[in-house]
1. Just to be sure I understand the model, the point goes 7 Å from the Cα along the line to the Cβ. What's the resulting B:L181 to A:V95 distance in nm?
2. How many nm is it between the label spots at A:Q144 and B:E166, if each spot is 7 Å from the Cα in line with the beta carbon?
3. Project the alpha carbons of region B:1-157 onto their principal axes and report the range along each, largest first, in whole Å.
4. Would you list the membrane-span-like helices of chain B, meaning whole DSSP H runs whose alpha-carbon atoms span at least 20 Å along their axis and whose mean Kyte-Doolittle value is at least -0.5?
5. If R₀ is 35 angstrom, what is the calculated FRET efficiency for the pair A:S39 and A:E247, using the beta carbon separation as r and rounding to 0.05?
6. Let me know the mean shielding of B:82-95 by other chains, meaning the per-residue number of their Cβ atoms within 10 Å of its Cβ.
7. Would you mind pulling out the separation of the Cα centroids of region A:180-247 and region A:79-105, in Å?
8. Loop only by DSSP, 12 or fewer other Cβ within 10 Å of the Cβ. Give me the trypsin sites (Lys or Arg not before Pro) in region B:80-123 that pass, ordered by residue number.
Protein chains: 2
Amino acid sequence: MRFLITFSYDGTNYKGYQKQPNERTVQSEIESKLTKLNSGKKVILNASGRTDAHVHALGQTAHFDLEKNMDPKKLKHSLNKLLPNDIYIISIKEVSSEFHARFCVKAKEYIYKINMGEYNPFERNYIYQYNAPLDVCEMERALQYLEGTHNFKSFTKVDEEKETYERTIIKASINTDSKNLNQLTLSFLGTGFLRYMVRNMVGTLIEIGEGKYKAEDIISILESMDRTKAGKTAPPEGLYLKNVFYE
Amino acid sequence: MRFLITFSYDGTNYKGYQKQPNERTVQSEIESKLTKLNSGKKVILNASGRTDAHVHALGQTAHFDLEKNMDPKKLKHSLNKLLPNDIYIISIKEVSSEFHARFCVKAKEYIYKINMGEYNPFERNYIYQYNAPLDVCEMERALQYLEGTHNFKSFTKVDEEKETYERTIIKASINTDSKNLNQLTLSFLGTGFLRYMVRNMVGTLIEIGEGKYKAEDIISILESMDRTKAGKTAPPEGLYLKNVFYE
């Protein structure tokens, strides 16, 4: 029996999604509780992908297999009771044995939140406290150059070895909160993302908002395939994996 | 020189506002940093009142005295640099030596946030996760019986000894968030509040929302002057001291 699990987590107190020895990770928390509910027989989570330390998820997905049949609703309830209060299981449903939470991904959506207004202690782990104005118009204008299929080597981790750095951004947008004009939300819908890619795009967009680059500079940054040409890596606390889309 | 300081804090990691031996408190954090900026000469904070463990503040106020003159803007900046990131100084201004942050209070506003929808891990320290529907109409109807001048002994801490339990609630209201109908904000504007008074009123309002009491039962609960007649104490994480009003 294969199950698809959708869950949210506050990444503040985690060293990221992926299991690592002697570190608190989201994967190890959920796997250990699932294993407990599976009478001690080890359960492995296969996620849509990892998220880095302190990055959040509103709708991360993973699949896992159980030998015996279990009611998904009861399993969700039992799992939420065992899990720490910074992880929440949104849903569990049975899927076919061919489904794979990573290989079957059609698109993913990430959002990144920035506070251009005064420092807010309640947001410190959830919204990047930039605390200064940005040229949002110019940032918005830059998004069109990120959309589409490009080689994103300039926007990934320096030593990241990949077969291909080509990815497609289906839609990139920027919005201000209706109640708080100083709060920006950048949104990226894409077929896939390289390591640090969203945070490096956001860091570059912030430098465009500061006037260090022009919107059109995105073209030459992409063409350079050189990480040093793009902006800084934006901090993790503003980043959320919002949705993972399947067929 | 007397100064009025307005500040916000995320109460999650504090044992409350008021100084206590060997405990992390908001008062001791700010006093120690102010003392440092005052060349080591002890500075005492006199707040508008205390807040309990894990309760938040959006606009707490206090006054303090310095022998030498200091620029309030520079002092704000230096203090924010030294303070931990869960406390933020909003403003500092010079006031007359007759001003007193507690005795001169004209009114205070508290808000209390409740999530009636599904559990949200990002809200766990900031909004009470009630996670079930409530009869908001009946709760709203109950507010009219809390408004006005009453003896609030039924709504304070059992062993609280006070000269008078009479307090005036100028306005009590309930609102749902425009983006999230499951998120309630209860608001209480009053001339003063007894210990646990807001959390005990909210706990009682929740039991009214559950149908355990009727709105009119507030009248007899107030008249009884008996804490056991009111509802449970609502948890601290939903409570915010929003504003302190002076002349």
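1. Going from the B:L181 label point to the A:V95 one covers 3.1 nm.
2. 7.0
3. 56, 38, 29
4. Sorted by number, there is nothing, because no helix extends far enough and scores high enough.
5. Efficiency at R0 = 35 Å is approximately 0.60.
6. Going residue by residue through B:82-95 and averaging, the value is 2.
7. Between the Cα centres of region A:180-247 and region A:79-105 lies a distance of 28 Å.
8. B:K106
The values are calculated or read from the model by the stated rules, or taken from the named source; none is laboratory data. Everything numeric here is computed off the predicted structure, so don't read it as measured data. Note that we place each Cβ from the backbone using ideal geometry, even for glycine, and neighbour counts take in every protein chain shown. Just so you know, the surface numbers come from the protein's heavy atoms only, side chains and all, with ligands and any DNA or RNA stripped out. Shrake-Rupley method; radii C 1.70, N 1.55, O 1.52, S 1.80 Å.
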